[in-house]
Structure formats: structure tokens, C-alpha cells
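The values are calculated or read from the model by the stated rules, or taken from the named source; none is laboratory data. Nothing here was measured: the structure is a model prediction, and the numbers come from that model. Because the Cβ atoms are built from the backbone with ideal geometry, glycine has one as well, and the counts that use them run over all protein chains shown. Quick note on the areas: whole protein, heavy atoms, side chains included, nothing else; ligands and nucleic acids left out. Shrake-Rupley method; radii C 1.70, N 1.55, O 1.52, S 1.80 Å.
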Amino acid sequence: MKLPPDVYQRSELGLLLWKPRGVLNEKAVNTIIAFIRDEEAKSDLNGLRFIDTTALTVVELNFRYVFHVAVYRRLSRRGRPSLKSAFLIKDQAFAHYFKLHALLTDHSPLQVRLFEEEEAAAKWLSVPSESLRPPQAVR
């Protein structure tokens, strides 16, 4: 399957990376959710997720949409193995969207945590910090 824009896989680590850029809106989120749905239908091998929000300039989402996405994700994982999603958030103006998602998926197979530092996210995911960078950004 072709990867959506700004999505990278580290198959050897079971890690899916998403680094959205510019505007985060419903269309972008719908694209990544459809991709994840299709990937999860095939396998539970990508049990680690890293979402790097540092390249976002605007978030055009509302409470209702974030609520529906979180409930959908929660229900889609019911009865399935747990997975970890780490969100890297440096712009606190955007943090409330991701905090809401984390709150609504709590006590489900989705383990969602928010981080301000890449190294802390890597430690929580048990992966090397350099693996959280898109391939062209690896030094």
C-alpha cells in the first residue's frame, strides 16, 4: 500500500511515523485514519506510533470531530492488542486537541501519551530517538 504524505514506516521496529505539515484539518486526519484502518486490517505488527506535530502551523479541527475520531479509534481497537501512540507537541496552542484524544482513548487498548521532547517519546516507545525522524532527516 502506498503511504500517505508525511507517513513513514520503520517495519523493523513495528513503528509508524506521521509528521503532518502545515494545516491539520479533517481531510488530513481522515486520510491517515483510512490508512491506519487498512493497515490494521492486515496486521497488528505496527504496534508503535509516533506523531510529530512540530511542523504544523494551524489546526483546523473542532471538539466534535476530535471526539468522533477518538471514539472511532477506541472502538476499532476493542478486543485487539494494545498499541502505543506518542505525540510530540511543542506548540502548546495545539496541545488541547491531542490531550482530548488521549483522554477519550484512556482505559482502552490505545496507550496515548503526549511529549515535549523527542528523547522522552523514544524512551517510552522503547526505540532509538533517531528512529523517530523521517528518513531524509536522519543524521
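Counting only the Cα atoms, the chain fills a convex hull of 106 Å³ per residue.
Relative contact order (percent) for the stretch 8-139, with alpha-carbon contacts under 8 angstrom and 6 or more residues of separation? The partial results should precede the final answer.
Numbers: 195 pairs, mean separation 32.8, N = 132.
25 percent.
If R0 is 35 Å, what FRET efficiency do you get for Asp44 and Ser129 from their C-beta distance, rounded to 0.05? Working from the Cβ atoms, E equals 0.90. Legend: residue pairs Lys99/Lys123; Lys42/Lys99; Lys27/Lys99; Lys27/Lys123, Cα-Cα distance threshold 25 Å; pairs beyond threshold, Lys42/Lys99; Lys27/Lys123.
Here the Karplus relation 6.51 cos²θ - 1.76 cosθ + 1.60, evaluated at θ = phi - 60°, turns the backbone of the stretch 30-37 into coupling constants of 4, 4, 5, 5, 5, 4, 4, 4 Hz, with x for every Gly and Pro. Measuring nothing but how far apart in sequence close Cα pairs (under 8 Å, 6+ apart) lie, relative to its length, the stretch 18-88 scores a relative contact order of 49 percent. Taken per residue, the accessible surface of the stretch 42-115 reaches 54 Å², heavy atoms only and a 1.4 Å probe. A cut-off under 15 angstrom between Cβ atoms defines the neighbours of Ala95, and their net charge, with Lys, Arg +1 and Asp, Glu -1, is -1.
Determine the share of the stretch 7-122's accessible area contributed by carbon and sulfur atoms, expressed in whole percent, with a 1.4 angstrom probe. Answer for the stretch 7-122 is 55 percent, counting heavy atoms of protein chains only. Whole-Hz Karplus values for the stretch 79-96 come out as x, 10, x, 6, 9, 10, 10, 10, 9, 8, 10, 9, 9, 5, 5, 9, 4, 5 Hz, taken residue by residue from phi with 6.51 cos²θ - 1.76 cosθ + 1.60 and θ = phi - 60°; glycine and proline positions read x.
Its Kirkwood hydrodynamic radius, worked out from the mean inverse distance over all distinct Cα pairs, puts the stretch 59-100 at 11.8 Å.
Less than 5 angstrom separates the built amide H of Val112 from those of Ser85, all sequence-distant by 5 or more or on a different chain. Taking the DSSP beta bridges with both ends in the chain, the antiparallel portion is around 15 percent.
Please give me the summed charge of the neighbours of Leu48: other residues whose Cβ is under 9 Å from its Cβ, Lys and Arg +1, Asp and Glu -1. Result for the local shell: +3. Taking 7 Å steps out from each Cα toward its Cβ at Asn25 and Leu100 produces label points 1.7 nm apart. Scanning residues 5 or more positions from Leu24 or on other chains, those with amide H under 5 Å from its amide H are Thr57, Val58, Val59, Glu60, with H placed 1.01 Å from N in the peptide plane.
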